[in-house]
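Have a look at the structure below, then the notes.
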Amino acid sequence: MPDFSNLIEDLKRTRDEIKLKIHLGSKDLQTEWSEIERRWDSFERKAELDRSAKDVGDALQILGSELRDAFQRVRKAL
């Protein structure tokens, strides 16, 4: 579980950094950010469930990786 906790903390930190800069981005980035935020909300809800349901963990790892990739795309575009 420590790896998952590290993933969540890394995602939160990256999200906060990007959130500070996103208002300066292009409309395309703002649209992508809205979609990422929707997925982030889903991730957070599922992360809460993961504490009590082991089989959700694999799906969360995939979603977490997808979010990390999306954050990296947006960060590079800024």
A careful count of residues in the stretch 11-67 that are surrounded by fewer than 17 Cβ atoms within 10 Å (Cβ to Cβ), among the small types (G, A, S) and at pLDDT 85 or above gives 3
Does any residue in the stretch 54-78 that is within 18 Å of N6 (Cβ to Cβ) and in a helix (DSSP H, G or I) come within less than 8 Å, Cβ to Cβ, of a residue that is at pLDDT 90 or above and of a type in the set (D, E) six or more places away or on a different chain, and which pairs are these?
R68/D10
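If you check I8 against the conditions, is it at pLDDT 85 or above and part of a helix (DSSP H, G or I)?
Yes, satisfied.
The values are calculated or read from the model by the stated rules, or taken from the named source; none is laboratory data. All values derive from a computational prediction rather than experimental measurement. Using ideal geometry, Cβ is built from the backbone for each residue, glycine included, and neighbour counts are taken over all protein chains shown.
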